[in-house]
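Have a look at the structure below, then the notes.
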Amino acid sequence: MGTRKEQRSERLGEGRGSCLDSGSRRLVFACLALALALLSGCAHCPLCGGPWERPAPPVPVKPADMRTATGTVACLERVAILPAFELKVMLVALDPCGSAEREVLAEQTLKPLVALPASFAFAYDHARLLPTRSYGLEAELWSQGARLFRTDTQYRVSPDGPAAKADLVLVREP
């Protein structure tokens with residue numbers, strides 16, 4: 001068993017089996033503290049207390065998969081085209097809750113509008129379309145800040161399908 005002093009020195013590593021002197025133990029402790037600070041993301045150096053600046057890991061960037069949405073927009077009613085008319089065609093995220101705010105991923109505005117039916121073509125990043133959400137094409141006919149006509153049918157765009165192509169039909173705004 002031994003005396004209390006011998007038991008204490010064996011617990012601290014100062015007894016017969018110890019191969020480290022006190023300076024080496026301090027160095028090992030400092031290395032362990034530094035490793036612990038690095039692994040825990042500590043903002044200060046454990047040795048000097050100064051700010052520890054570690055570069056942020058690079059954010060992976062998903063490459064763009066640019067595709068083109070094409071088609072036409074027509075109106076069932078006969079409409080006299082005025083110079084103030086503008087036609088907006090948009091690729092939007094369809095919200096099942098029907099909230100007023102919708103996420104527009106890409107759009108094209110035809111102004112001045114020459115005639116209906118009108119052709120459209122605009123590029124969108126297909127990589128932004130998530131497989132768990134629904135997307136579609138919508139069109140709106142505006143004049144002087146008022147929406148006159150819009151699509152009332154969902155023209156779906158598949159997140160895992162080919163480029164969007166649709167023939168949109170406008171109806172009078174209620």
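Here, each number is a calculation from the coordinates, and none is a lab measurement. This one's a predicted model, so the numbers in the text were calculated from it and none came from an experiment. When we count neighbours, we look across all protein chains shown, and the Cβ atoms used for this are built from the backbone with ideal geometry, even at glycine.
Residue by residue, what Karplus-based ³J(HN,Hα) values in Hz, rounded to whole numbers, does region 147-155 have, using 6.51, -1.76 and 1.60 with θ = phi - 60° and x for Gly and Pro?
7, 9, 9, 7, 7, 10, 10, 7, 9
Given H placed 1.01 Å from N in the peptide plane, which residues other than close sequence neighbours of A166 have an amide H under 5 Å from its amide H?
Amide H neighbours of A166: T70, G71, T72.
Can you tally the net charge around A123? Count Lys and Arg as +1, Asp and Glu as -1, for every other residue whose Cβ sits under 15 Å from the Cβ of A123. Before the final figure, lay out the partial values.
Working: positive: R67, R128, K165; negative: D65, E107, D125.
Once all neighbours under 15 Å are counted, the net charge is 0.
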